[in-house]
């Protein structure tokens, strides 16, 4: 096993030093919450009776004592969202498995799950980012009854998984395992879908053709198969030790998926304070785990949303992760995958080529992951005893008594999708931080042709993506241009994703123009081939310099050098009054209920959360 890469070690040491006070305070709270035996042993008789009133006789008998672990099931199930629809039968299945293993389980609570794919360009998208913190609070409510010794968290998509983790970290003395549902089978190839979207943007395809293409792509139960935030969630949870090995990308409704779910139910019993391998989530998610998560994100060109979510999750564990950490790790992390939108393959192709097991093995051997980080599936990320127990280097298979793990092949099954550290797609990671007189921002470069990454062109300023679409339709953008879409940050309107910008900007770039996007909004895992400086911080609505940009100002975006600048004299730029003004937000589609969130939310650079 290789020793940690010097940069990995240096970043982790700085992170630990910077976080020392906050982490110590967090761990002190965790220690205070841990009791000798189940917390329900301290409940009054009336409290405890309420807690098991609806249980069957056998579970009531077990819960009266203090030797049976009781597991909370917290689920994001709903049957509208394809990714979460398979979770419907998980609670009953898990209860049965846990009972057979000598424990009890209760459905502790449901959390909301909304889909950015449905709300794109709609008013509901302004609730999306805030839903992460709602999920966190709902998870905390579910776990607040002092009835539980561990938790199984059922969720998959964008804000749901980070919210579940943040909520669980508030109960850091409990072990927690994330139980996924897996991706849908592959449908219409991603390149074909993207081509229809571009044709629709220029009026060459009608709505019927577009809907047919989208329906052929998103066509079954399971997660969307492109490598956006939902699938980035899955990969990160595995690398960070909260999934069982190989659990991320097994399709729903298969015997292997069921066996992995069963294994999670049995394993969480072992991790409780009453089991042989007590492993609370506070011990799993330490500085090493978050550095591992950043490396995995960079090595796979994952979703830019995780420059928010990883920071917010780390803060919930008392850890001060910053964009500078992402930047430093990006310099030494090779890009090992080509997955849509960074390529044409989907996560099913990635899984077939060797998937997480191959990826983790490559990064471990290169010293780019902390091998000693704790996990729910093994004592450490690198722990394995022999070929029959390969740990997180293992691929799950069905055995006679459930899931077993075998060692992954030594070579990628498809080097067009997944490569070794010795022959990467690029030498550096898929994300860069840029900075300058417009603030700081994140750029996902893994999908951008190197020859198109640097753009210097006049700005055209908009306060909404609808206004940009109108200008595109009117032919006003058919030139070299840096499109500025501002007042899209968390304080302005909840920081919606701006996916509707991708087709028109891609069309302009395909026409040979130098094109870039600069915004304080989000583009997420679907960030595509147009260079985009997103999450600009401080945002325009908080007095950030983006509010002083005018049409015609020349902006230079250079991700390779880490630059984001407006080429206006400092004195002139500083003297300008903010322009435009935030579009009115906050009424309709429930947005009025989130006014307190918009007032309290922190900047994107600190995770865009309301708790920090």
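Of note:
- Centre-to-centre, using Cα atoms only, the range 35-82 and the range 97-150 are separated by 17 Å.
- Axis angle, to the nearest 10 degrees, between helix 90-100 and the longest C-alpha principal axis of the chain: 30 degrees.
- Site pair residue 513 and residue 219 shows an inter-label distance of 3.5 nm when each label is modelled 7 Å from Cα along Cα→Cβ.
- Packing, taken as the mean count of other beta carbons within 10 Å per residue, orders the peptides 309-319, 61-71, 231-241, 179-189 from highest to lowest as 231-241, 309-319, 179-189, 61-71.
- Estimated FRET transfer efficiency (residue 266, residue 565; beta-carbon r; R0 60 Å; 0.05): 0.60
- Mean separation of Cα pairs under 8 Å and 6 or more residues apart, divided by the residue count, gives the chain a relative contact order of 15 percent.
- In nm, spacing of pseudo-spin labels at residue 207 and residue 14 (7 Å Cα→C-beta vector): 5.2
- Segment residue 45..residue 550, full-extension length gain: 175.1 nm, with 0.36 nm per residue of separation and the alpha-carbon distance subtracted.
- Extension gain, residue 55 back to residue 414 (0.36 nm per residue minus Cα-Cα distance, nm): 124.2 nm
- With an a/c value of 1.5 or above and a/b not larger than b/c for the gyration tensor axes a ≥ b ≥ c computed over the alpha-carbon atoms, the range 1-148 is described as oblate.
- Cα long-axis angle, helix 255-271 against the chain (0 to 90 degrees, to the nearest 10): 70
- For residue 423 and residue 398, the FRET efficiency from 1/(1 + (r/R0)^6), where r spans their Cβ atoms and R0 equals 41 Å, is about 0.80.
- Cα gyration tensor, the range 431-584 - rounded (a/c under 1.5), prolate or oblate: rounded
- Of the peptides 260-273, 543-556, 143-156, 161-174, the order by per-residue mean of other Cβ atoms within 10 Å, starting with the highest, comes out as 161-174, 143-156, 260-273, 543-556.
- Full extension of the chain segment joining residue 141 with residue 479 gains 116.4 nm, where the gain is 0.36 nm per residue of separation less the Cα-Cα distance.
- Between 0 and 90°, nearest 10: helix 355-365 axis offset from the chain longest Cα axis: 90
- Average Cα contact separation per residue, the range 187-250, under 8 Å, 6 or more apart, as relative contact order %: 25
- Here is how the number arises for the chain: DSSP H runs of 4 or more residues each give -39500 (n - 2.57), the sum is divided by the residue count, and the result at 222 nm is -11000 deg cm²/dmol.
- Rounded, prolate or oblate (a/c below 1.5 giving rounded, otherwise prolate when a/b exceeds b/c) for the range 235-286 by Cα gyration tensor: oblate
- Spherically averaged projected area of the convex hull of Cα atoms, the chain: 26.5 nm².
- Separation of the residue 466 and residue 372 label points, Cα + 7 Å toward Cβ, nm: 5.6
- Relative contact order %, the range 431-584, counting alpha carbon pairs below 8 Å whose residues are six or more apart: 33
No value in this document is a laboratory result; all are computed from the given coordinates. None of these values were measured; they are calculated from a predicted model. A quick note on method: Cβ atoms are made from the backbone with ideal geometry, for glycine too, and the neighbour counts reach across all protein chains shown.
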